[in-house]
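Working notes for the structure below.
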Amino acid sequence: MGSLAKPQPDRSGERGSPFVLPRNVWVVTITSFLTDVSSEMVFNLLPIFLFNVLGARTGLIGVIEGVAETTASLLKMVSGTVSDRLQKRKALAVYGRAKLDRLMDVKRRYDPTNLFRINHNIPPIA
């Protein structure tokens, strides 16, 4: 008789396998991938749309892209400066400036002695 290949056992539950990750991790990964792909598609199609459909000149398209890049760079500088001054990078990234201020007020009001120090990201302001 001919040699038949033996079926391989299912190793999806073993340690080191990528399928061990929780379902939520896979959902977030796929969502992030699809969001990145769609934004790259729009970014590359926008100049074509401006030129062919709206009739914008190439110089104007260059100015629009230059302003977009400059705005992104300036916002990175400003947010980096704010993060350096606050020394609360994780909390600032997660909550944003307005919510972080509110959370710090709540922490100061209800836990002035820092009894509940589970969340070290929001220190009480004395």
Of the conditions (1) in a helix (DSSP H, G or I); (2) at pLDDT below 85; (3) open to solvent by less than 60 Å² (accessible area, probe 1.4 Å), the single one that residue 59 does not satisfy is (2)
Note on the range 104-124: residues at pLDDT 70 or above and open to solvent by 60 Å² or more (accessible area, probe 1.4 Å) are 106, 108, 109, 110, 112, 113
Item checked: Qualifying residue in the range 14-27 (condition: modelled with pLDDT of 85 or more and either aliphatic (A, V, I, L, M) or open to solvent by less than 90 Å² (accessible area, probe 1.4 Å) (or both)) -> yes
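Here's the yes/no breakdown for (1) open to solvent by less than 100 Å² (accessible area, probe 1.4 Å); (2) over 23 Å from the mean Cα position of the chain (by Cα):
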position: 30; (1), (2): yes, no
position: 35; (1), (2): yes, no
position: 38; (1), (2): yes, no
position: 42; (1), (2): yes, no
position: 52; (1), (2): no, yes
position: 55; (1), (2): yes, yes
position: 63; (1), (2): yes, yes
position: 67; (1), (2): yes, no
position: 71; (1), (2): yes, no
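The values are calculated or read from the model by the stated rules, or taken from the named source; none is laboratory data. Predicted model only: the values in this text are computed from it and were never measured. In case anyone asks, the SASA skips ligands and DNA or RNA and just uses the protein heavy atoms, side chains included. Shrake-Rupley method; radii C 1.70, N 1.55, O 1.52, S 1.80 Å.
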